[in-house]
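Visitor: Have a look at the structure that comes next, please.
The values are calculated or read from the model by the stated rules, or taken from the named source; none is laboratory data. Remember, it's a predicted structure, so these values are computed and weren't measured experimentally. Every residue, glycine among them, receives a Cβ derived from its backbone with ideal geometry; neighbour counts consider all protein chains shown.
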Amino acid sequence: MAGDGSFRWYAEYSLPEAFGGGGTLTVRLDLTVEDQKRKFNRTELLSPIPSSDPDFKNLAPLRNDAESNNSALEAKLFNKRAHSVGHMSQRANLLGYALLVNSVTLYLSKRRGRVRGGPPPPDAVAA
């Protein structure tokens, strides 16, 4: 934890002897000021969970969904600014947004007959 109460994420990698005599390499995972100056998107190019990790196969497919949701949320913000002040208010806004998206998804899925309890799909009725 930094002195101002913020956090930074680091990854530590074990290097094989063939690459510089072994040892470990520590890499910062979040965007730095230097990265911004040279337009290097570190967070997009580095994965904190390597593909050899047993959890990778379960987590990797979720990344595109998470990025898509973040992009959709940012598109709803006026001038990319939060609608409220303070982390508790922003958390409430985010929860409300998630409930809205999930409710609309559930409604549309039921309408298309993809969720139990919804009407049958239109082609099943026509047949």
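Visitor: Just give me the residues in region 28-48 being surrounded by 10 or more Cβ atoms within 10 Å (Cβ to Cβ) and at pLDDT 80 or above, in sequence order.
Guide: Selection gives R28, L29, D30, L31, T32, D35, Q36, F40, N41, R42.
Visitor: Please identify the pairs in which a residue from region 21-49 that is assigned to a loop (DSSP other than H, G, I, E, B) has its Cβ atom under 9 Å from the Cβ atom of a residue that is of a type in the set (V, I, T), counting only partners at least 6 apart or on another chain.
Guide: L29/T43; D30/T43; L31/T43; F40/T32; L46/V27
Visitor: May I ask you to say which residue of A92, A75 is out of contact with any Lys or Arg (no Cβ under 7 Å at 6 or more places or on another chain), surrounded by 10 or more Cβ atoms within 10 Å (Cβ to Cβ) and not hydroxyl-bearing (S, T, Y)?
Guide: A92
Visitor: Within region 9-18, take every residue that is part of a loop (DSSP other than H, G, I, E, B) and loosely packed, with under 10 Cβ neighbours inside 10 Å and give me the one that is nearest to the chain's Cα centre (by Cα).
Guide: Looking at residues that are part of a loop (DSSP other than H, G, I, E, B) and loosely packed, with under 10 Cβ neighbours inside 10 Å, I get P16.
Every residue, every condition in (1) over 28 Å from L29 (Cα atoms); (2) among the hydrophobic types (A, V, I, L, M, F, W, C); (3) modelled with pLDDT of 75 or more, yes or no:
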site	(1), (2), (3)
N58	no, no, yes
R63	no, no, no
E74	no, no, yes
M88	no, yes, yes
A92	no, yes, yes
R114	yes, no, no
